[in-house]
Amino acid sequence: MTNHYIDLKNSDVILIMGSNAAEHHPLAFKWIMRAKDAGARVIHVDPRYTRTSARCDYHVPLRSGTDIAFLGGMINYIITNKKYFRDYVVNYTNASFLVNPDFSFKDGLFSGYDAKKRSYNKETWTFQNDANGVPLKDPTLEHPQCVFQHLKRHYSRYTLEKVSSITGVSEENLLKVYEEYSATGAPDKAGTECYALGWTHHTTGSQIIRTMSIIQLLLGNMGIAGGGINALRGEPNVQGSTDHCILYGNLPGYLKMPTASLATLGQYLKKNTPTCNDPQSANYYQNYPNFFVSWLKSLYGNAATPENEFGYSWLPKLDDGKHYSQLHLFDRMYKGGVKGLFAYGTDPAVSSPNTNKVRKALEKLDWLVCANIFDNETASFWFGPGADPKQIKTEVFLLPAAATMEKEGSQSNSGRWVQWKYKAATPPGDAISCGDIQIRMMDAIKALYAKEGGPNAESILNLKWDYKDRQGNMDVLKVAKQINGHWEADVEVVDAGQKKLFKKGGLVPTFGMLRSDGTTSCGNWIMSGSFGEDGENKMARRGKEDPTGLGLYPNWSFAWPVNRRIIYNRASCDIYGRPYNPKKKVLEWTGDKWVGDVPDGPWPPMADKEKGKYPFIMKTDGVASLFGPAMAEGPFPEHYEPLEGPLAKNPLSSQLINPTIELFSSDVDQVANASEKFPYVCTTYSCTEHWCSGALTRWQAWLLEMQPELYVEIGEELARELEIANGSKVKVSSARGEVTCIAMVTKRFRPFIIEGKTVHQVGLPFNYGWLYPKDGSDSTNFLTPSVGDANTFCPEYKAFMVNVTRI
Amino acid sequence: MSGKIQNMVRVTDPIERIAHWLLAGSCLFCLFTGLGIMFRSWEFIPELLGGLYAVKWMHIFSGVVFAFALAYAYVMWKKDCAFEPDDAKWIAQGGGYLWKTNNLPPVYKYNAGQKLFFWFVVVFGALIVLSGLVMWNPTAFPIAVARWSYALHALSALVIGSFFVVHLYLGTIGNPGTFQAMTTGWCSRAWCETHCPRWLAEREKGSSES
Amino acid sequence: MKKTEYIKLIDTTRCTACRGCQVACKQWNEMPASRTRNFGSYQNPPDLQWNTWTLIRFQEHVDKNGDFKWLFRKDGCMHCTEAACIKVCPSGALYHTEFGTVGINQKLCIGCKACISACPFDIPRFNQETEKVYKCDLCYDRLKGGQQPACVLSCPTSAITIGEREAMIDKAYRRLDQLGGKGVVYGDKFVGGTHVMYILSEDPAVYDKLPVKPRIPASVILWKNLFKPFTLIGMGAVAGMAALHYLIKGPHEVHEKKEGDE
Ligand code: SF4
Ligand code: SF4
Ligand code: SF4
């Protein structure tokens, strides 16, 4: 979230799209209801009518996987009807930048496409620079090569008619949403967007989010109270785990994982440290070396020295151009290329796409280590349906782990609040925390390496590993403090003209003080400042003061970065630092300082040509990107059909599917696009009552009582056509597998008219597995394809094709 | 000895007496327990019997006994209690209980009052049993049936209870000599001549014939 | 002691059917789950049970304008002022608490089931094994301890709130105003006022299992107000009459025929 949960109450229009907030973020919905009480409009755009729809002002159904078309139409509407916030667009975005004249877009493809590699050469996705290397701009936004004109041309193709035909949303409903939402382009109005897995679980997931970002920038909704783009992340602690690098390409704090071609620290830092020639851009990532070297110091401690590049060479490196996502992992495993797997707190035999492939892949492992609070389908795959234990040689270890309430530590919410929590109960039996499991395992590994040596032994032997208390258990505070960072030497710092001496071993008060010379160590730079210099654990703060009245609660827990509650908050003010909406002041420049939230840097607003800075300090150019060349698919999002859909041709271009997604080609990766055998669009989701694969919640009798078994939601029209009775058993099948479940015939699913044809959509939750309950059916992911987003490889769970038959 | 026997007539057989007392006993017990359940002020009843929960089951149990006894009594006495034209006259004169009358029609075995009592007991007894069965398991019945069963049960109790008192009075001190009919089974000839002359005559005729 | 009457207000226009309340109730009251099947609805268990004192009812409804609505109603005891269940309860197990709510003391319950049929809202449920009746007691123990009921505490959207009677009635009507009069306040106009009230978005008749004009059933009134007293009055009167008869007319003596009369 750029903003935070409580801030939802400050919104005037809340667009919930790609999220079933009421069911999956019940507490977020509390604040949405507060906004509604204050008169906000709440709109739900979603393939299904859900419990969220029931509480919104209205619900607009759209065909699953067509969000970019829907939002592209909104961009077109905003530009043609001049609903954008011009001042904001000109000053705070790259709308005025002139694009490389060689950049082009033709029939669904941007310049530089390599069909063989299914990827782009991004050479032309650049700006025209002046002699100083600063991008050329046209503040009138009229220059045909400026970003704004490109944007306008690109989305002019997204006419109401076209969008309606792709999405299945009536033109009337499109207009209703567009009009209402784009009204937040007024300076004193805030519109926000709440999304979740309904957007990320697509082959075009990242680009859907980007399309919305463009809308938010056009309407001036970024950085303001009640605005932003808000990924609702929940109990799985996605926020915390991504902050701490759950994704294979990241290191803690979103630093980049090194690749093999970056052999030296110097090469690595050069590649990842952006430079900018515009003096008004803060380009905060120029501090990248400080963050990275401090991280190496936290990893290797005293063994990391300038002479050995702080141990850079010991780090494992990714092969260039190779990916290591879960999809790749199981593909490789299926082909016999993986020996062992640690599956902690996860149940891929239910939750990963293409269950048949996943379960077969597990059979090819030599060993599998699971750590969970209950047994699950992954740990028990070897005696599951269709598995022959006699033929399976995988050795499986199931370690009993402590549950979240059984351990102390931090938990991050979507609003980037890192909240400290205490242990409520002692774990039963032999169960210990995953941290303790890790520590004991690593101790043993270190001992083995010390004794026997082995490949890359230094990276293990040099690992700083001092996170234990006197009893030899994990000391979670020690870990947290190392994440915050320490001084590795006595250092004198000049801060605001004052000299100050920091002692070796003391806590670093903020990431602004991290250094690349080895005098600081920090496990995750964005978390630096979570402890005070004096050792105060700011994550444990529980102050209820709310000086701005906007619900920022600065003394409640710690929010990264540096306790900033709304990021890009300098963009809530005009170039002189006057708030655009004086009624909801996030920040205000008083002539010598900012008051309100923690500002994005202390510099004056950008009207001060000397000391002032642009508001988007984390962006190299200091402004937000309408033109976003970092994306795999192109700088402007474009609608492509899902890998499997009802259409044989993309109505917008001859590019049917996302041209940059990786296609897996094993024998079990079958695809059936626009096939008569699988005529219905299918989407999958979770339900309130269960949590993810249900591996935790299915064992909870009260929850199981409410949602006892797998069901498929079918509209009344389709049920009538197929003569399926409500509550009867049916079979749902795709090109990859099938499941049996209960038909839930409902008025909440209605057919769409797509390109003149009636298209039905059905949906299933993915919360069930064969292990328990025995009569609750099995994984919905037998149906889903192993394909993912081109940037993140987040799997496509939300749009594919199935058939439904009576049994 | 023989003289005594000569003066006495056997008016009931043991089966009849057992049935009567089963019916009367269960009825009385139901009434007693029922009142104990219905009136919280009569707490002494559940206290006496070991608590309200026990009383509930006692009530149900004696209700079942009552039901069987009633069914048996019905089969046994329905012939003797069938109404005949003379009964109207008897009733018109209040059976001679309320004012002096001289021309009461001669009664066969049971007078019209007794017959009335019998039929009231049969009808309301059946109602109380049936409604009681519904109340035992009300959720198995439509809600209206269940609800009205409670009212009906209470109404039937009211009717049966009141008649019971009349019956008690007339069967004991109201009609001296009657009570033996349900104890020893023997009543005096004179009693028979008063209360069931036609039956006596028929019986004596029959016995002289044989 | 001054009585503080409480009302629990259920604002169905805020409810997201997350069923936090349904689980919280089970948790606080330590009620076990039942093994259910999906019968083609999110609603589960299908109905209130002895171990399910509150239940979110899911209902798909198309209104007069043809607009689709998914209605959620948290069902459970309404805590009537004129409570039919208390009226018929012989054991004193059901009673009015000092908060005006209807408590239930399972120790006293004899499982006669009278309350089950009497309740106009079809709330009490019988447990075959314990032979007792169960229902929501508005978390009497928690209220006594100055705590909110478990369901209220669990509700993320403040669809359920509790407070003093007058204030809550006031709040209900203010909310109705906020909704532009689109809705119905349910609970203050019958059975002497209930201590659980609803704000409904639709007409009460639309909702499954919600009586439009709930009242103590006529059968109960007849039974309790007429037949019950008359049982004693009737029996007493008849006994009195018999005594009078005995005194006035004396016993009906058998006129012994003298020997030789014939
Ligand atoms: S709703 Fe039913 S159970 Fe609850 S108080 Fe009213 S009559 Fe009694
Ligand atoms: S008030 Fe208490 S007993 Fe009643 S429904 Fe709520 S949690 Fe359950
Ligand atoms: S907890 Fe609140 S929102 Fe959730 S189902 Fe209950 S009443 Fe509705």
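A simple rule links phi to the HN-Hα coupling: the Karplus curve 6.51 cos²θ - 1.76 cosθ + 1.60 with θ = phi - 60°, which for the range C:191-197 gives 5, x, x, 9, 9, 10, 10 Hz, with x for Gly and Pro. The residues of the range C:216-250 occluded by other protein chains by 30 Å² or more of accessible area, set against the chain on its own, are C:219, C:223, C:227, C:228, C:231, C:232, C:235, C:238, C:242, C:245, C:246, C:249; surface from heavy atoms, 1.4 Å probe. Surface exposure of the range A:680-806, expressed per residue as accessible area with a 1.4 Å probe, stands at 29 Å². Taking Cα atoms only, the orientation of helix B:197-209 departs from the longest principal axis of chain B by about 60 degrees. Applying both filters, DSSP loop and at most 13 other Cβ atoms within 10 Å, to the trypsin sites (Lys or Arg not before Pro) of the range A:105-205 gives A:116, A:117. A simple spin-label model places pseudo-atoms 7 Å from Cα toward Cβ; at residue B:86 and residue A:424 they are separated by 8.7 nm. Under a straight-distance cross-link criterion of Cα-Cα below 25 Å, which lysines are reachable from residue A:339, leaving out those fewer than 8 residues away in the same chain? Straight-distance partners of residue A:339: A:317, A:322, A:357, A:360, A:364, A:390, A:393, A:446, A:451.
Considering helices alone, the calculated mean residue ellipticity of the protein assembly as shown at 222 nm is -9500 deg cm²/dmol, with DSSP H runs of length four and up weighted by -39500 (n - 2.57) and normalised per residue.
Note down the relative contact order for chain A as a percent, whole number, built from C-alpha pairs under 8 angstrom at least six residues apart. Provide the component values of the computation, followed by the final result.
Working: 1808 pairs, mean separation 132.0, N = 807.
So the answer I get is 16 percent.
Residue A:324 to residue A:676: extension gain in nm, 0.36 nm per residue of separation minus the Cα-Cα distance? Please report the intermediate quantities before stating the final value.
On the way: separation 352, 0.36 × 352 = 126.72 nm, distance 3.45 nm.
Computed gain between residue A:324 and residue A:676 is 123.3 nm.
Please give the contour-minus-distance gain from residue A:500 to residue A:116: 0.36 nm per residue of separation, less the Cα-Cα distance, rounded to one decimal in nm.
Extending this stretch completely gives an extra 132.5 nm.
Gaussian network model of chain C, Cα springs within a sub-10 Å range: biggest mean-square fluctuation belongs to which of C:142, C:165, C:215? Its mean-square fluctuation being the largest, the pick is C:142.
Return the FRET efficiency for the residue pair residue A:448, residue A:493: r is the Cβ-Cβ distance, R0 is 51 Å, and the value is rounded to the nearest 0.05. Walk me through the numbers before you get to the answer.
On the way: r = 42 Å, r/R0 = 0.82.
Here the calculated transfer efficiency is 0.75.
Applying 1/(1 + (r/R0)^6) with R0 = 56 Å to the Cβ-Cβ distance of residue A:242 and residue C:166, what FRET efficiency is obtained, to the nearest 0.05? With R0 = 56 Å, the Cβ-Cβ based efficiency is 0.65. In terms of the Cα gyration tensor, with a ≥ b ≥ c the square roots of its eigenvalues, is the range A:680-806 rounded because a/c is under 1.5, prolate because a/b exceeds b/c, or oblate? Judged from the Cα gyration tensor, the range A:680-806 comes out oblate (a/c at least 1.5, b/c at or above a/b).
How high is the relative contact order of the range B:14-77, in percent, with contacts defined as C-alpha pairs under 8 Å that are six or more residues apart?
46
Scanning residues 5 or more positions from residue A:683 or on other chains, those with amide H under 5 Å from its amide H are A:762, A:763, A:764, with H placed 1.01 Å from N in the peptide plane. Amide H contacts under 5 Å for residue A:565: A:598, restricted to partners 5 or more places along the chain or on a different chain, H placed in the peptide plane at 1.01 Å from N.
Which FRET efficiency, nearest 0.05, do residue A:388 and residue A:805 yield, Cβ-Cβ r, R0 22 Å? Intermediate results must be reported in sequence, preceding the final value.
On the way: r = 28 Å, r/R0 = 1.28.
With a Förster radius of 22 Å, E is 0.20.
In a simple Cβ point-charge model (Lys, Arg +1; Asp, Glu -1; nothing else charged), the protein assembly as shown has a dipole of about 1480 debye relative to its Cα centre.
Of A:262, A:656, A:362, which has the most accessible area and how do the rest follow, probe 1.4 Å? Provide the component values of the computation, followed by the final result.
Details: A:262 20, A:656 45, A:362 0 Å².
In descending accessible area the options line up as A:656, A:262, A:362.
When the range B:1-93 is described by a simple charge dipole with +1 on each Lys and Arg Cβ and -1 on each Asp and Glu Cβ, the residue from B:73, B:85, B:15 located farthest towards its positive end is B:15.
Computed from label points 7 Å out along Cα-Cβ, the spacing between residue C:237 and residue C:213 is 3.1 nm. Of the residues C:177, C:122, C:47, the one that moves most in a GNM of chain C with alpha-carbon contacts below 10 Å is C:177.
Specify whether the C-alpha gyration tensor of the protein assembly as shown places it in the rounded, prolate or oblate class, a ≥ b ≥ c being the square roots of the eigenvalues: rounded for a/c under 1.5, otherwise prolate if a/b is larger than b/c and oblate if not. Write down the numbers at each step before the final one.
Values: a/c = 2.67, a/b = 2.58, b/c = 1.04.
Here the protein assembly as shown falls in the prolate category.
Within the same chain, lysines fewer than 8 places from residue B:109 are excluded, and of the rest, those with a Cα less than 29 Å from its Cα are B:4, B:78, B:79, B:89, B:100, B:205, C:249, C:257, C:258.
Pairs from the table (A:584/A:611; A:82/A:176; A:747/C:69; A:9/A:189; A:36/A:585) lying more than 18 angstrom apart at Cα are A:584/A:611; A:36/A:585.
If you roll a 1.4 angstrom probe over the protein chains with everything in place, what fraction of the accessible area of the range A:455-559 belongs to carbon and sulfur, to the nearest %? Before the final figure, lay out each step's value.
Numbers: 2500 of 5050 Å².
Carbon with sulfur: 50 percent of the solvent-accessible area.
Overall shape: prolate for the range A:160-302, with the ratio a/c of the largest to smallest alpha carbon gyration tensor axis at 1.5 or above and a/b above b/c.
With 32 Å as the limit on Cα-Cα distance, the pairs of A:423/C:209; A:122/A:757; A:421/A:464 that go past it are A:423/C:209; A:122/A:757. Distances between placed amide hydrogens fall under 5 Å for residue B:9 paired with B:187, B:188, B:189, all partners being 5 or more residues away or on another chain.
Surface composition of the range C:6-206: carbon and sulfur make up 51 percent of the accessible area, probe 1.4 Å. Basic side chains Lys and Arg get +1 at the Cβ, acidic Asp and Glu get -1 at the Cβ, and with that the dipole of the range B:171-210 about its Cα centre reaches some 40 debye.
Zone of residue C:173 (label point 7 Å along Cα→Cβ, backbone N under 17 Å): which residues in the range C:199-217? Output list for this probe position: C:199-200. Each residue of the range A:305-313 was assigned a 3J(HN,Hα) from its phi angle through the Karplus expression (A = 6.51, B = -1.76, C = 1.60, θ = phi - 60°), giving 10, x, 5, 9, 6, 6, x, 3, 5 Hz with x at Gly and Pro.
Our coupling estimate for the range A:433-439, obtained by passing each phi through the Karplus curve with A = 6.51, B = -1.76, C = 1.60 and θ = phi - 60°, is 5, 4, x, 5, 4, 4, 5 Hz, Gly and Pro reported as x. Chain C against chain A buries an accessible area of about 3200 Å², both chains summed, 1.4 Å probe radius. Under the criterion of Cα pairs below 8 Å and six or more residues apart, the relative contact order for the range A:257-373 equals 23 percent.
The values are calculated or read from the model by the stated rules, or taken from the named source; none is laboratory data. Note that this is a predicted model, so its numbers are computed, not measured. Neighbour counts run over all protein chains shown; Cβ positions are idealised from the backbone, glycine included. These accessible areas exclude ligands, DNA and RNA; they are computed on the full protein's heavy atoms, side chains included. Shrake-Rupley method; radii C 1.70, N 1.55, O 1.52, S 1.80 Å.
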